[in-house]
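Have a look at the structure below before the remarks.
The values are calculated or read from the model by the stated rules, or taken from the named source; none is laboratory data. Owing to the predicted nature of the structure, the values given are computational and were not obtained by experimental measurement. Cβ atoms come from the backbone with ideal geometry, glycine included; neighbour counts cover every protein chain shown. Just the protein is used for accessible areas: all its heavy atoms, side chains included, with ligands, DNA and RNA removed. Shrake-Rupley method; radii C 1.70, N 1.55, O 1.52, S 1.80 Å.
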Amino acid sequence: MTETIALFIPILGTIGTFSSLIIWIYMHYTARHKERMALIERDKDASIFKVPSRQRHGSLKVGIVAIMIGFGILLANMLEGSGMDGTVAYFSMILLFGGSGLILFYMFIYRKRAKAGGDLVD
């Protein structure tokens, strides 16, 4: 009997996860549609829903962070080979190098363009 119940636990967990995700997406889009229809009925401007493009610096930021995470994994592999615990080496180096990639992006690219009066959206 307990084997049968234990068999259904992952099935119910998977079904519950996906059904809650589908319900959340449905509720999000129906609420959004109702808000927009209410604005249209009252002849209001729907420009509040326009999201500015984040493509200018987003791919550069992701690239810098990915390269830095790659360096972190490389260094963690070297640290693991020298005797450090693998879990600690990988997590610490990935977090340190990923965070430093974000800081480098902010310090050298984002702030520089903001001072120059560039159009920044990030």
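Mind checking which of GLY101, GLY16, GLY72 has the largest fluctuation in a GNM of the chain, springs on alpha carbons under 10 Å? Checking each option, the largest mean-square fluctuation is seen for GLY16. Placing a label point 7 Å from the Cα of VAL88 along the Cα-to-Cβ direction, no residue of region 58-74 has its backbone N under 13 Å from that point.
Annotation: peptides 77-85, 105-113, 34-42, ranked by per-residue average of other Cβ atoms within 10 Å with the highest first, follow the order 105-113, 77-85, 34-42. For the chain, with all protein chains present and a 1.4 Å probe, just round the carbon and sulfur fraction of the accessible area to a whole percent. Using a 1.4 Å probe with all protein chains present, the chain comes out at 69 percent carbon and sulfur.
The mean accessible area for residues of region 1-113, using a 1.4 Å probe and ignoring ligands and nucleic acids, is 81 Å² per residue. Pair-distance distribution P(r) for region 1-63, from all Cα-Cα distances in 10 Å bins starting at 0: 16, 21, 22, 23, 12, 6, 0 percent. Computed per residue of the chain from DSSP H runs no shorter than four, each worth -39500 (n - 2.57), the mean residue ellipticity at 222 nm is -26000 deg cm²/dmol. Computed extension gain for PHE49 through LYS34, at 0.36 nm per residue and net of the alpha carbon distance, reaches 4.1 nm. Segment LYS112..GLU3, full-extension length gain: 33.0 nm, with 0.36 nm per residue of separation and the alpha-carbon distance subtracted.
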